[in-house]
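Report on the structure given below.
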Amino acid sequence: MTMRSTAGYGAYSQVQNRTEDSRSVEYRLLAQVTAAMLAANDRAGEFPKLVDAVLWNRSVWAAFRDDLSHPQNGLPDDLKARLISLSLWVDRESHAVLGKTSDIEALVDVNRNIMEGLAASSRGTTAGTTQAAPISDPVPVQQFGSTSA
């Protein structure tokens, strides 16, 4: 694990302790890691920076998976299962990017779709509702693997 990926997990844990809404924290973290992947991808010939950003993204999704697996997580079981499956897909796709058999576009698209759901959900929360964020399926769920993780 690189220092950046360790820092990503630590950053997620630390910002959760703030008074900020968890959806805002998750949105901001996904925005930061997505920006890092895009910036690294734009730097031709600097594959180590891309590796660092992809590993950071993977560790963020691993932290999400850990949180989703916690018995006190209040999201509906179906949504938790879908997000856990998505996190497993992110892990596999990260390996493909690092093995140079894929590019970062799918990872970026997933992050952006989740960010859109978090933003929509936050708007709903401020209006007095507590609906879970809708999840767009950028890739069919059955491609992500087991949903019983």
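Please go through the stretch 38-51 and pick out each residue that is assigned to a helix (DSSP H, G or I) and within 15 Å of K100 (Cβ to Cβ).
Within the stretch 38-51, A40, N41, F47, P48, K49, L50, V51 meet the criteria.
Restricting attention to the stretch 1-54, which residues are hydroxyl-bearing (S, T, Y) and modelled with pLDDT under 95?
Within the stretch 1-54, the subset hydroxyl-bearing (S, T, Y) is 2, 5-6, 9, 12-13, 19, 22, 24, 27, 34.
Passing the criteria: T2, S5, T6, Y9, Y12, S13, T19, S22, S24.
If S121 satisfies every condition in (1) over 19 Å from E20 (Cβ atoms); (2) touching a Pro at 6+ places or on another chain (Cβ under 9 Å); (3) touching a residue at least 40 places away in the same chain (Cβ under 8 Å) but one, which is the exception?
(1)
Under the condition of being among the small types (G, A, S) and buried (at least 20 other Cβ atoms within 10 Å of the Cβ), which residue from the stretch 86-113 is nearest to L50 (Cα to Cα)?
Looking at the filtered set, the residue picked out is S94.
So which pairs qualify, if the first residue must be in the stretch 85-96 and farther than 15 Å from D66 by Cα, the second must be in a helix (DSSP H, G or I) and among the aliphatic types (A, V, I, L, M), the Cβ gap must be under 6 Å, and the two must be at least 6 apart or on different chains?
E93/A106; E93/L107; S94/V54
From the list S22, S85, pick out the single residue that is among the small types (G, A, S) and closer than 24 Å to R123 by Cβ.
Working: S85 fails: closer than 24 Å to R123 by Cβ.
From the options S22, S85, the qualifying one is S22.
The values are calculated or read from the model by the stated rules, or taken from the named source; none is laboratory data. For clarity, every value in this text was computed on a predicted model and none was experimentally measured. Counting neighbours? That spans all protein chains shown, and the Cβs are built from the backbone with ideal geometry, glycine included.
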